[in-house]
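What follows is a short report on a single structure.
Every read-out reported here was derived from the displayed coordinates using simple, explicitly stated rules and does not represent laboratory data. Quantities reported herein were computed from a predicted structural model and do not represent experimental measurements. Positions of Cβ are generated from backbone atoms using ideal geometry, with glycine treated the same way; all protein chains shown enter the neighbour counts.
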């Protein structure tokens, strides 16, 4: 049985979100109480990789909550800060689109790195 590539799944989700939130406003700056874009990219990237591992390994659904707690702690972000920032980004699709583009680029780069490290003749 072939497992669906997590990068592909994330790409589909992003494409849907970008088209859904396509009513664009004037570009706005990110307020100081919102997680900066580059940090949000890192958080989203780690979340996508973690969720893919959970799904592939068939771990219990409550593992996702632990994943989020661990990732947020790694970046020194509280759940309230993350929620507030996530709400801000979803309300500003022009900024969110750029964040998602960077996440996709990072996931693609990591995927390519993993592919290059695989032994010759091995398949996913």
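According to the Cα-based calculation, Rg over Rh for the range 67-114 is 1.06, with Rh computed by the Kirkwood formula. I need the shape label for the range 33-115. Rule: rounded when a/c is under 1.5, else prolate if a/b > b/c, else oblate, with a, b, c from the alpha carbon gyration tensor. Judged from the Cα gyration tensor, the range 33-115 comes out oblate (a/c at least 1.5, b/c at or above a/b). Measuring nothing but how far apart in sequence close Cα pairs (under 8 Å, 6+ apart) lie, relative to its length, the range 33-115 scores a relative contact order of 43 percent. For residue 79 and residue 105, a Förster radius of 30 Å and the Cβ-Cβ distance give a FRET efficiency of 0.65, rounded to the nearest 0.05.
Each peptide in 68-79, 100-111 receives the mean, over its residues, of other Cβ atoms within 10 Å, and ordering these scores from highest gives 100-111, 68-79.
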